[in-house]
1. Does the stretch 175-198 hold any residues that are modelled with pLDDT under 95, assigned to a loop (DSSP other than H, G, I, E, B) and under 20 Å from A44 (Cβ atoms), and which are they?
2. Could you please find all residues in the stretch 2-20 being modelled with pLDDT of 90 or more and either farther than 23 Å from I213 by Cα or surrounded by fewer than 19 Cβ atoms within 10 Å (Cβ to Cβ) (or both)?
3. So E235 clears everything in (1) part of a loop (DSSP other than H, G, I, E, B); (2) over 21 Å from L79 (Cβ atoms); (3) at pLDDT 90 or above except one condition, right? Which one?
4. Out of everything in the stretch 139-174 that is small (G, A, S) and at pLDDT below 75, what residue ends up being surrounded by the most Cβ atoms within 10 Å (Cβ to Cβ)?
5. Can you confirm whether L205 is crowded, with 22+ Cβ neighbours inside 10 Å and at pLDDT 95 or above?
6. Considering only the stretch 21-46, state which residues are among the acidic types (D, E) and either in a helix (DSSP H, G or I) or at pLDDT 85 or above (or both).
Amino acid sequence: MIILPAIDIKGGQCVRLYQGDYAQVTTYDAEPVQVAQRWQSAGASWLHVVDLDGAAAGHPVNVEVIRRMRAGTSLRIELGGGMRSLAHIQQMFDLGIDRVILGTVALTDRALLEETLARWGEHIAVGLDARNGRVAIAGWRETSQVQAASLAVELSASGVQRFIYTDIARDGALKGPNLEGLRRIQQVITCPLIASGGVASLDDLRSLAALGIEGTIVGKALYTGDVDLGKAIQEIER
């Protein structure tokens, strides 16, 4: 299982939100590039980056920071936040981003999603961000009536080749991952699945690895020191 350290960018700084709430933000480092380099030095192969300002605005905002992160590391980077047009997505691939994560448009603009899949295939992942099992959109500020598992079934049929499942209630809360929610998604898809939200310990990572999923995103636990990235990679990524 791959461990993907997370960097969330707001106002050009590295931050973490509590349960996706923009009013509950902790700034951990003023320079996201230095954080990315730190995770690379610890042995990471992938980096999970979210442009929080972009997610709220509906278009990429922290483009210059992302550009410097790309130039300052050799990590493979997946990026989400505000990618709601072909031009936005193309802009990120032109910067050298390896994978773009789509969230809102997967629910609101199926034609756009299908066009992105036709153009970029496996370089597109869909984020299933769930609050009480229902999909949240627009930077998690709106919750739809659509069940995450039902949407996963529909999107699998549309050609989505990778999903990232986030339990918003667990995100930034250090409460442990939602294993049952992940199992529900696993049951209805046949493509790779990446987990996000709640990891608080090496034991959590062991439990996730036992599910047989492709990867897990780890955020707050790295910044608080609850998880040592280097040690976790040595044990889990084998």
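The values are calculated or read from the model by the stated rules, or taken from the named source; none is laboratory data. No experiment lies behind these values; they were computed from the predicted model shown. Positions of Cβ are generated from backbone atoms using ideal geometry, with glycine treated the same way; all protein chains shown enter the neighbour counts.
1. P177, G197, G198 - these are the residues of the stretch 175-198 that are modelled with pLDDT under 95, assigned to a loop (DSSP other than H, G, I, E, B) and under 20 Å from A44 (Cβ atoms).
2. Of the stretch 2-20, the ones modelled with pLDDT of 90 or more are 2-9.
Answer for the stretch 2-20, where residues must be modelled with pLDDT of 90 or more and either farther than 23 Å from I213 by Cα or surrounded by fewer than 19 Cβ atoms within 10 Å (Cβ to Cβ) (or both): I2, I9.
3. (1)
4. At the first step, the residues of the stretch 139-174 found to be small (G, A, S) are 139, 144, 148-150, 152, 156-159, 169, 172-173.
Going one step further and asking which of them are at pLDDT below 75, we end up with 139, 144, 169, 172-173.
Details: G139: 23, S144: 17, A169: 17, G172: 25, A173: 15.
Top of the filtered list is G172.
5. Numbers: crowded, with 22+ Cβ neighbours inside 10 Å: yes; at pLDDT 95 or above: yes.
Answer is yes for this residue.
6. Residues of the stretch 21-46 that are among the acidic types (D, E), as a first pass: 21, 29, 31.
Hit for the stretch 21-46 is E31, nothing else.
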